[in-house]
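Visitor: Below are the structure tokens for one structure; questions will follow.
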Amino acid sequence: MKNVTRVLLMTVAVAVGVVPASRRLSAHHGANLYDMTKAVMLKGTIAKFYWGNPHNEVTVDVKDEKGNVAQWVAYTEPPLVMLERGWTRKSMTIGDEVTIYIFAARNGSTVGTLNRIVLKDGKELTAYPMPGTPAPPAPAK
């Protein structure tokens, strides 16, 4: 009887830990959080560039007409996918002036999925292609 109780308690403990974690993961990665029908163009300065899993993050300081700064956080695919698209951990540095195209959050917050980023020298890095279009080809090596 002790073994049955122990197995039952362990099963309940695992279920209590796994179910909430799976809900967080599905909520976090839900594409319905962002308006994937159009990319918003923003001009600003790189404030932070995080290269890591589960996805990279580009933080851009964007000034409005009044000079107020809003920080936008744009997410990309995981690093291995971004390497295939020509990105590296040195693709941009803090202080770089950029133009970003972002699928913004539907709730109005300053986050979204990065469509592409154009560096000051004109180099364009694609992060997440427009839905319905093919992914960009890997750069020639």
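Visitor: Evaluate E = 1/(1 + (r/R0)^6) for Leu83 and Ser109, where r is the Cβ-Cβ distance and R0 equals 30 Å; express this FRET efficiency to the nearest 0.05.
Guide: Efficiency, from the Cβ-Cβ distance: 0.55.
Visitor: If I take R0 = 22 Å and measure r between the Cβ atoms of Glu124 and Lys66 in this structure, what FRET efficiency does the formula 1/(1 + (r/R0)^6) give, to the nearest 0.05?
Guide: Numbers: r = 29 Å, r/R0 = 1.33.
My answer for the efficiency is 0.15.
Visitor: Mind checking Rg over Rh on the range 34-126, alpha carbons, Kirkwood formula for Rh?
Guide: 0.94
Visitor: Oh, and also: If you plug each phi of the range 34-39 into the Karplus form 6.51 cos²θ - 1.76 cosθ + 1.60 with θ = phi - 60°, what whole-Hz ³J(HN,Hα) values come out, in order, with x for Gly and Pro?
Guide: Going residue by residue, I get 10, 7, 7, 8, 8, 9 Hz, with x marking Gly and Pro.
No value in this document is a laboratory result; all are computed from the given coordinates. Because the structure is a prediction, the values reported are computed rather than measured. Methodologically, a virtual Cβ is constructed for each residue, glycine included, from the backbone with ideal geometry; neighbour enumeration extends over all protein chains shown.
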